[in-house]
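Visitor: Below are the structure tokens for one structure; questions will follow.
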Amino acid sequence: MKSLKELFRIGYGPSSSHTMGPRRAAEIYGERHKDTARYRVHLYGSLAATGKGHLTDWAIEQVLGKERTEIVWCPEIVLPTHPNGMKFETVDSDGIARNPWTVFSVGGGALIEEGQKDCPTPEIYDMDHLLDIKQWCEERGRPYWEYVEHCEGKEIWDYLEEVWKVMQDCVERGLEHEGVLPGELHLRRKAPNYYIKAVGYGSNLQTRGLVFAYALACSEENAGGGLIVTAPTCGSCGVLPAVLYHIAKSRNFTTKRVLHALATAGLVGNIAKSRASISGAEAGCQAEVGVACAMAAAAANYIFGGSLAATEYAAEMGLEHHFGMTCDPICGLVQIPCIERNAHAAARALDANIYATYAEGIHRISYDKAVEVMKQTGHDLPSLYRETAEGGLAKEYGNR
């Protein structure tokens, strides 16, 4: 598996696969071909179907220049490697296209080229099954985060500290940021209002209200193009920060313990990314919000002193109960139902933690098996339910 630096990426929303990935691809191509007169970029499959709502064209034009970049939308063409395909070309003064480069945005801001199966970055982890890692930890009397440190080195903590800072800043900006999100839905930001209401409730209702507010805050910042951390994606960036922020604020845990929880969550997300997918275009929203819920559930269980088995169970539960969740963004925007799903998944992660604690980690279905099933379920979903805005809520809204 790759470094957690590949999973937790700091960047601007609203989409890791549709905004961050294409922006990075444009940077690479622009650096290779600085002196060209014009660029032409073909967007295929899901990138074309929901690219305008996800600001894909804007992200590319910001790098290559709006005046000299032609975007060609090809939603009906899905390249074999991945639904999020792009082809960059230079166009000379005679209108002849040259230097074609086909690349794919595979989720979480990561890129692969045509013919590749994985990102060309070093493999840091020697195991990619949570049960194998659990056994490694049990044999040595270590928690999951120590396996992360063992593989990544102590320098990973400096990076995760920066990740945690960005997450906290994102929540706090979102709680203060009122107004309307960009796009034709004219969706009003809700986080500030949810926070004010939650503060006024009694303790029995306050916890959920605050978690909702924190998740909404991050997700709304993402939808507005703000600075976020992929966890594991932009579209699911509100789940893990909401859970960790709430726990840190309400229980006064040390930063070190929060970072250890963040590493535990990263390990869970990395396994799903390595062995299945975190791309909504490839496997539906279960691969984004479902994996985010698993990560947050594992983080919560660790931070409250859960056993290795209980943490693994919490992660499994968080993912399992999102099986089959479709990716159907209305108008192609990362707003409805995406923002609300982050809030509900954050609450579900806390429930999974409690349930796994009561069960003392005893369960039948492993997290590794859940990852396999999630992958197969994603492949079985029709393409109209995988970030094309052609089915589900997106279709129904379009028929109004």
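The values are calculated or read from the model by the stated rules, or taken from the named source; none is laboratory data. The structure displayed is predicted, hence computed values, not measured ones. Here the Cβ is made from the backbone with ideal geometry for all residues, glycine too, and neighbour counts use every protein chain on show. For accessibility, only protein heavy atoms count, side chains too; no ligands or nucleic acids. Shrake-Rupley method; radii C 1.70, N 1.55, O 1.52, S 1.80 Å.
Visitor: Return yes or no: is GLY153 closer than 25 Å to VAL229 by Cβ, touching a strand residue (DSSP E or B) at 6+ places or on another chain (Cβ under 7 Å) and among the small types (Gly, Ala, Ser)?
Guide: The answer is no for GLY153.
Visitor: Could you list all residues from segment 157-193 that are open to solvent by 70 Å² or more (accessible area, probe 1.4 Å), in contact (Cβ under 8 Å) with a residue 40 or more places away in the chain and in a helix (DSSP H, G or I)?
Guide: GLU161, GLU162, GLU172, ARG173
Visitor: Restricting attention to segment 65-104, and to residues there that are of a type in the set (A, V, I, L, M, F, W, C) and farther than 27 Å from GLU282 by Cα, which single residue is most open to solvent (accessible area, probe 1.4 Å)?
Guide: Looking at residues that are of a type in the set (A, V, I, L, M, F, W, C) and farther than 27 Å from GLU282 by Cα, I get ILE96.
Visitor: Another one. Across segment 334-382, which residue is most open to solvent (accessible area, probe 1.4 Å) among those that are part of a loop (DSSP other than H, G, I, E, B) and not hydrophobic (A, V, I, L, M, F, W, C)? Working first, answer last.
Guide: Residues of segment 334-382 that are part of a loop (DSSP other than H, G, I, E, B), as a first pass: 334-337, 359-366, 381-382.
The next check asks that each one be not hydrophobic (A, V, I, L, M, F, W, C); those that pass are 335, 337, 360-361, 363-364, 366, 382.
On the way: GLN335: 7, PRO337: 16, GLU360: 137, GLY361: 8, HIS363: 54, ARG364: 233, SER366: 23, PRO382: 64 Å².
Across segment 334-382, the extreme among qualifying residues is ARG364.
Visitor: Under the condition of being among the polar types (S, T, N, Q) and not in a helix (DSSP H, G or I), which residue from segment 251-291 is most open to solvent (accessible area, probe 1.4 Å)? So that I can check it myself, show each step before the final result.
Guide: Pass one, segment 251-291, residues among the polar types (S, T, N, Q): 252, 254-255, 264, 270, 274, 277, 279, 286.
When the remaining residues are screened for being not in a helix (DSSP H, G or I), the result is 252, 254, 277, 279.
Values: ASN252: 129, THR254: 86, SER277: 8, SER279: 2 Å².
Taking the candidates together, the pick is ASN252.
Visitor: Residue by residue through segment 214-239, note down the ones that are under 23 Å from GLY183 (Cβ atoms) and either without any contact (Cβ under 8 Å) to a residue 60 or more places away in the chain or part of a loop (DSSP other than H, G, I, E, B) (or both).
Guide: Scanning segment 214-239 gives ALA217, GLY224, GLY225, GLY226, THR230, ALA231, THR233, CYS234, GLY235, SER236, CYS237, GLY238.
Visitor: From the list ALA248, ALA242, which residue is surrounded by fewer than 24 Cβ atoms within 10 Å (Cβ to Cβ) and either part of a helix (DSSP H, G or I) or modelled with pLDDT of 95 or more (or both)?
Guide: ALA248
Visitor: A further question on this structure: Among the residues of segment 75-87, is any small (Gly, Ala, Ser), under 30 Å from GLU221 (Cα atoms) and out of contact with any strand residue (DSSP E or B) (no Cβ under 8 Å at 6 or more places or on another chain)?
Guide: Initially, segment 75-87 is screened for residues small (Gly, Ala, Ser), giving 85.
From what is left, the residues that are under 30 Å from GLU221 (Cα atoms) are 85.
Okay, now just the ones that are also out of contact with any strand residue (DSSP E or B) (no Cβ under 8 Å at 6 or more places or on another chain), so none.
No, segment 75-87 has no match at all.
Visitor: Being outside any loop (DSSP other than H, G, I, E, B) and of a type in the set (D, E, K, R) is the filter here, so list the residues in segment 1-29 that pass it.
Guide: LYS5, GLU6, ARG23, ARG24, GLU27
Visitor: Could you count how many residues in segment 383-400 are surrounded by 15 or more Cβ atoms within 10 Å (Cβ to Cβ) and in a helix (DSSP H, G or I)?
Guide: Residues that pass the stated criteria total 7.
Visitor: Going through segment 251-293 one residue at a time, which ones are modelled with pLDDT of 95 or more and acidic (Asp, Glu)?
Guide: Of everything in segment 251-293, just one residue is modelled with pLDDT of 95 or more and acidic (Asp, Glu), namely GLU288.
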